[in-house]
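Scroll down for the structure; my scribbles are underneath it.
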Amino acid sequence: MHFENRSLSAHTTAGTDIIDITPLVREAVRDTRIRNGSVTLFIPGSTAALSTIEFESGVINDLKKAIERIAPRDIYYEHNERWADGNGYAHVRAALLGPSLHIPIVEGAMTLGTWQQIVLLDFDNRPRKRRIIFQALGEQK
């Protein structure tokens, strides 16, 4: 059994960034040489999330609009009273989507669907360098 732990990173802007990190993760999985096992991804921080989606402009725009309807940027958030950083909405959005993903690896490849990509969603109101914890476990080739 082989275990691999590393950090991946992505730069974001302010607002609701949705970034396709599939190529980054796919390369890391390939480097582990794991044949069958799984990869877990986790993003530290409380204003970003990980998910999967078809990374296509229409779906991305639909998702951004849905997130805005669920946790609007321009309503009152108690968090902003305490910290005065204006990103209460970002914390709520990230909590609703979650910070991690677990993906099986079969025959050396992640078992993503044909139109499914891994995305990092950054909701914070300032640019960030986001760290993604990558852990893979399984039998090597």
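Please identify every one of the chymotrypsin sites (Phe, Trp or Tyr not before Pro) in segment 44-84 that sits in a loop by DSSP and has no more than 14 other beta carbons within 10 Å of its own beta carbon.
On the way: sites: Phe55, Tyr76, Tyr77, Trp83; in loops: Phe55, Tyr76, Tyr77.
Here the chymotrypsin sites (Phe, Trp or Tyr not before Pro) that fit, given the DSSP loop and packing criteria, are Tyr76.
What do you get for the angle between helix 57-70 and the principal long axis of the chain? Use alpha-carbon atoms, 0 to 90 degrees, nearest ten.
50
Helix 22-32 versus the longest principal axis of the chain: what is the Cα-based angle in degrees, 0 to 90, to the nearest 10?
30
Add -39500 (n - 2.57) for each DSSP H run of 4 or more in the chain, then divide by its residues: what number comes out at 222 nm, to the nearest 500 deg cm²/dmol? Present the calculation step by step, with values, prior to reporting the outcome.
On the way: 4 runs with 41 residues, N = 141.
After summing the helix terms and dividing by the residues of the chain, the value is -8500 deg cm²/dmol.
Once the Cα atoms of helix 88-97 and of the chain are each reduced to a long axis, what angle between those two axes, in degrees from 0 to 90 to the nearest 10, is obtained?
It works out to around 30 degrees.
Distance in nm between label sites at Lys141 and Thr40, each 7 Å beyond Cα in the beta-carbon direction?
2.5
Hey, any idea what the orientation-averaged projected area of the convex hull of segment 27-139's Cα atoms comes to, in nm²?
The number I arrive at for segment 27-139 is 7.9 nm².
Bear in mind that the values in this text are calculations on the coordinates, not laboratory data. This structure is a prediction, so every number in the text was calculated from the model and none was measured. With ideal geometry, Cβ positions are generated from the backbone for all residues, glycine too; neighbour counts draw on all protein chains shown.
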